[in-house]
Amino acid sequence: MEPIRVIGMGPGSEEYLLPVSRDAALECEILFGAQRHLDLFESSGAERRELTGASDGMIAAIAEARSQGRTGVLVSGDPALYSYLRVLQRHFSRSDLAIYPGVSSIHVAACRLGISLEDAIIASVHGRELSDLDRSLTTGAPLFILTDKSNSPARVTEYLSTNGAGSRQYHVCENLTLPDERVSGPFRDPVTGEHQSLSIVVVEAMK
Ligand SMILES: C[S@@+](CC[C@H](N)C(=O)[O-])C[C@H]1O[C@@H](n2cnc3c(N)ncnc32)[C@H](O)[C@@H]1O
């Protein structure tokens, strides 16, 4: 049986989808993914199934698909950064998975802001406690935070401002590579208002 292909789709725009990863998906007979990713392969002839979570039923469906034909799981950005890969690794061995890279939203945020990633800290508050961020503030390193609907940029920056962010400033990167991409900041105070559900908060020392 072939390994399950875990394929990075990049941050959103098709221009940022690596050819090697697009080809890996085009060769699949069954694809799992978010609807926006499946839509990119409408004419590929693959059977397309929505990836709806990490339930045992979902994992069983992926395992069964694998026994029926070449199967791919489409994930946003890069599989190696906060993706469904971690879920699959709990159920399948290393040799059961073939991983195809993608451009991460973190890479794009770093490039838009001109911040090198070698010293940076990458964190996610997706479904996690904001207090998980506390240890990320102990050095002055730039901090890239993946947000979600409830831990929004406003909530995250409010938390950081009252929990040790001190003399830092914030940027918010929304819908990167998409037509309505917006990069805003630097802000010295917590950000306010609504932001897109695809948002990254970047914290850095004040310049
Ligand atoms: C589950 S994580 C997946 C990260 C992905 N593996 C990557 O490398 O970009 C989802 C989070 O990534 C961030 N994200 C993904 N795409 C984005 C985009 N186009 N613009 C801004 N943030 C994005 C958001 O914080 C979103 O909530």
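A straight chain from residue 89 to residue 141 at 0.36 nm per residue would run longer than the Cα-Cα distance by 15.8 nm. For segment 136-192, build the charge dipole from Cβ charges (+1 Lys, Arg; -1 Asp, Glu) around the Cα centre, then report which of 176, 151, 166 sits farthest towards its positive end. Among 176, 151, 166, the one farthest towards the positive end of the dipole of segment 136-192 is 166. Its Cα centre serving as origin, segment 87-174 has a Cβ charge dipole (Lys and Arg +1, Asp and Glu -1) of approximately 100 debye.
Between the Cα long axis of helix 153-162 and the first principal axis of the chain there is an angle of about 40°, rounded to the nearest 10. The Kirkwood hydrodynamic radius of segment 106-205, based on inverse pair distances between different Cα atoms, is 13.2 Å.
Given 20 °C and 1.002 mPa s, how large is the Stokes-Einstein diffusion coefficient of segment 44-137 in µm²/s, with Rh as the Kirkwood radius over Cα pairs? So the translational diffusion coefficient is about 136 µm²/s.
Which residues make up the longest stretch of the chain clear of GluC sites (Glu not before Pro) that lie in a DSSP loop with no more than 16 other Cβ atoms within 10 Å, not counting the sites?
30-117
Applying a DSSP loop filter and a limit of 14 other Cβ atoms within 10 Å to the trypsin sites (Lys or Arg not before Pro) in segment 119-166 leaves 128, 149. For residue 124, the amide hydrogen comes within under 5 Å of the amide hydrogens of 146, counting only partners 5 or more places away or on other chains and with H modelled in the peptide plane.
For segment 4-103, count all C-alpha to C-alpha pairs, find those more than 23 Å apart, and express that count as a whole percent of the total. Percent of Cα pairs beyond 23 Å in segment 4-103: 13. When the trypsin sites (Lys or Arg not before Pro) in segment 159-198 are filtered for DSSP coil states and for at most 13 other beta-carbon atoms within 10 Å of their beta-carbon, the remaining sites are 188. Here segment 96-138 is scanned for amide nitrogen atoms under 12 Å from the site 7 Å beyond the Cα of residue 183 along Cα-to-Cβ, giving 106-116. Under the convention that each Lys and Arg Cβ holds +1 and each Asp and Glu Cβ holds -1, the size of the dipole of the chain around its Cα centre is about 380 debye. Scaled against 2.2 N^0.38 Å for its residue count N, the alpha carbon radius of gyration of the chain is 1.09.
Values quoted throughout were computed directly from the atomic coordinates according to the rules given, and no laboratory measurement underlies them. All values derive from a computational prediction rather than experimental measurement. Note: ideal-geometry Cβ built from the backbone for every residue, glycine included; neighbour counts use all protein chains shown.
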